[in-house]
Amino acid sequence: MARYTGPACKLCRREGTKLFLKGDRCLTGKCALERRNTAPGQHGANTKKLKEYGMQLREKEKTKRYYGVLERQFYNYFKEADRTKGMTGENLICLLERRLDNVVYRMGMAASHKEARQLVLHGHFTLNGKNVNIPSLIVKAGDVVAVKESSRSSEKIKALADALATKTAPKWLDVNKDALSCKVATLPARDDVDFEFNEQLIVELYSK
């Protein structure tokens, strides 16, 4: 599957907000958005007011890039959210939150969504005791995500485990920091997502 492999900081500059694509680096003075808060490219510094469609498109791109999802997959999530009872926009965000790679990121075992995706792809985690390597798996209430036993001796996993002690997980995840695992206590609600999204703009875009 195609995947963006260019400079991550350009995506943050294009969307005008921190997407935390480089983990803790985004919280330091090295963040590209702190040093150059303009869109990339020759005309990036020329600010112009977006029209309605432009605002909707940028919100969709921002959400896609934050979760590391490509267009077709994102649209499929939207269709599933639209079929689900409730508000489509809120359903969409909550569905993205339930991706396995996002759960690994939220529990604190990765510095970014990209790193979480890579760790899952490399088979470092289990879901309900079974080996998994599919980042897009959707978790359910009661599911348990844990670091695979054979991966716990890895220097990378040890470093992430040490950093886990200083991180706080959302309330819908019950994290056991000693066991390097977490249980999905309940499905995430829209209020549990602290990143700023305007999901209604995405709904309006796909409803045209």
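The values are calculated or read from the model by the stated rules, or taken from the named source; none is laboratory data. Because the structure is predicted, anything quoted here is derived from the model rather than measured. With ideal geometry, Cβ positions are generated from the backbone for all residues, glycine too; neighbour counts draw on all protein chains shown.
Per-residue answers, yes or no, for (1) touching a strand residue (DSSP E or B) at 6+ places or on another chain (Cβ under 9 Å); (2) of a type in the set (Phe, Trp, Tyr); (3) under 18 Å from residue 120 (Cα atoms):
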{"residue": "157", "(1), (2), (3)": "yes, no, yes"}
{"residue": "160", "(1), (2), (3)": "yes, no, yes"}
{"residue": "167", "(1), (2), (3)": "yes, no, no"}
{"residue": "172", "(1), (2), (3)": "yes, yes, no"}
{"residue": "187", "(1), (2), (3)": "no, no, no"}
{"residue": "198", "(1), (2), (3)": "no, no, no"}
Exercise for the section: Report yes if some residue within the stretch 52-61 is in contact with a Ser or Thr (Cβ under 8 Å, 6 or more places away or on another chain), surrounded by 15 or more Cβ atoms within 10 Å (Cβ to Cβ) and either more than 19 Å from residue 127 (Cβ to Cβ) or assigned by TED's automatic domain parsing to the domain that holds residue 174 (or both); otherwise report no. Expected result: no
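Within the stretch 164-175, identify whether any single residue is over 20 Å from the mean Cα position of the chain (by Cα) and loosely packed, with under 15 Cβ neighbours inside 10 Å, and answer yes or no. Walk me through it before giving the result.
Going through the stretch 164-175, the residues over 20 Å from the mean Cα position of the chain (by Cα) turn out to be 165.
Then drop every residue that is not loosely packed, with under 15 Cβ neighbours inside 10 Å, which leaves 165.
Looking for residues that are over 20 Å from the mean Cα position of the chain (by Cα) and loosely packed, with under 15 Cβ neighbours inside 10 Å, one finds at least one in the stretch 164-175, hence yes.
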Handout entry: Hits in the stretch 176-208 (condition: surrounded by 15 or more Cβ atoms within 10 Å (Cβ to Cβ) and over 17 Å from residue 145 (Cα atoms))
Key = 190, 192, 193, 197, 198, 199, 201, 202, 203, 204, 205, 206
Problem - Condition met for residue 52 (under 30 Å from residue 167 (Cα atoms) and either at pLDDT 90 or above or acidic (Asp, Glu) (or both)) - result: no
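Looking only at helices (runs of 4 or more DSSP H) that fall completely inside the stretch 57-129, which ones have 3 or more residues that are in contact with a strand residue (DSSP E or B) (Cβ under 8 Å, 6 or more places away or on another chain) and in contact (Cβ under 8 Å) with a residue 24 or more places away in the chain?
100-107
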